[in-house]
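The values are calculated or read from the model by the stated rules, or taken from the named source; none is laboratory data. Owing to the predicted nature of the structure, the values given are computational and were not obtained by experimental measurement. For neighbour counting, all protein chains shown are included, and Cβ atoms are generated from backbone atoms with ideal geometry for every residue, glycine included. Side chains are part of the model used for accessible areas, which takes the heavy atoms of the whole protein and leaves out ligands, DNA and RNA. Shrake-Rupley method; radii C 1.70, N 1.55, O 1.52, S 1.80 Å.
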Amino acid sequence: MLSNKRNGEYNSRSIRSFLCLPLEAPEKELLLSCMKAPGVRWLSEDQLHITLHFLGDIAPEILENLDEILRKAPLDRGSINLSFSSWGTFPPGSRGRVLWVGLGGEVPKLAKLYRQLEKILFQCGISVEKRSYTPHITLARAFREGSISREARESLEKAPFYGRSWEAKRFVLMRSELLPQGPRYSPLGIYDLS
């Protein structure tokens, strides 16, 4: 991954960042209504999103260049109709440490946006993860030595939001600051899909 890493240390000017689809308030409220079971660290409302690409620690001038390119990029425009479709853990099974909700709807259109953005990142000199894209929304993480609690799994099995659809109308270049109380996200650029 392209970064300002020198002699084993990151340059303090580099910015930890990612591209994502933000969730709107109604979708966040639906998810938050089921995020109460004990035994896991639930994400906060402002941390809920659909990651497109994690970029890592990137120099500000590269992010400025990326922002300019994204504003002019000939991406396939048009909102993407998505829905909550399933839930699971990473890794799968009883030892899962991350709890997520999966997506349905126009997932092929979302995957196409993912691939278009991957090409733009490559043009900017930013390498991306080499694994298949599984669009999802991370909801919780296990505590240090544990796995996702039975209660948290059951809360998603009974969740009332499956099949609920919404339109993703924009994507965001997001800054991620790692703090003791958890990551804080702030937008660096917002790009309309419609």
Indicate the gyration tensor shape class of the chain (rounded, prolate or oblate), computed on the Cα atoms with a ≥ b ≥ c the square roots of the eigenvalues: a/c under 1.5 is rounded; otherwise a/b larger than b/c is prolate and the rest oblate.
oblate
Could you check how much of the accessible area of the chain is carbon and sulfur, as a whole percent, using a 1.4 Å probe?
50
By how many nm would the segment from residue 73 to residue 143 grow when fully extended, if each residue of separation counts as 0.36 nm and the alpha-carbon distance is taken off?
21.1 nm
Answer with one residue from 86, 49, 96: the one whose Cα lies farthest towards the positive end of the charge dipole of the chain, charges on Cβ with Lys, Arg +1 and Asp, Glu -1.
96
What does the extension gain come out to for residue 81 and residue 194, with contour length at 0.36 nm per residue minus their alpha carbon separation?
39.5 nm
Leaving ligands, DNA and RNA out of it, rank 90, 18 by accessible area with a 1.4 Å probe, largest first.
90, 18
Just name one of 22, 178, 193: the one whose Cα is farthest towards the positive end of the charge dipole of the chain (beta-carbon charges, Lys/Arg +1, Asp/Glu -1).
178
Using the charge dipole of the stretch 50-194 (Lys, Arg: +1 at Cβ; Asp, Glu: -1 at Cβ; taken about the Cα centre), state which of 160, 122, 134 has its Cα farthest towards the positive end.
160
Compute the relative contact order of the stretch 20-100 as a whole-number percentage, counting only Cα pairs closer than 8 Å that sit 6 or more residues apart in sequence.
22
Taking the Cα centre as origin and putting +1 on Lys and Arg beta-carbons and -1 on Asp and Glu beta-carbons, what dipole magnitude results for the stretch 48-98, to the nearest 20 debye?
400
A student applying the Cα gyration tensor rule (rounded when a/c is under 1.5; otherwise prolate if a/b is larger than b/c, oblate if not) would label the stretch 54-100 oblate
With a/c under 1.5 counting as rounded, go ahead and sort the stretch 129-194 into rounded, prolate or oblate using the C-alpha gyration tensor (a ≥ b ≥ c being the square roots of the eigenvalues; past the cut-off, prolate if a/b is larger than b/c, else oblate).
oblate
Reported to two decimal places, what Rg/Rh ratio describes the stretch 85-194 when computed on Cα atoms with Rh from the Kirkwood expression?
0.99
For n ≥ 4 DSSP H runs only, could you compute -39500 (n - 2.57) per run for the chain, divide by its residues and tell me the 222 nm figure to the nearest 500?
-7500 deg cm²/dmol
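Placing unit charges on C-beta atoms (Lys and Arg positive, Asp and Glu negative, everything else neutral), compute the dipole magnitude of the chain about its Cα centre in debye, rounded to 20.
So the dipole magnitude of the chain works out to roughly 440 debye.
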Solvent-accessible area per residue for the stretch 58-194 (1.4 angstrom probe, square angstrom):
56
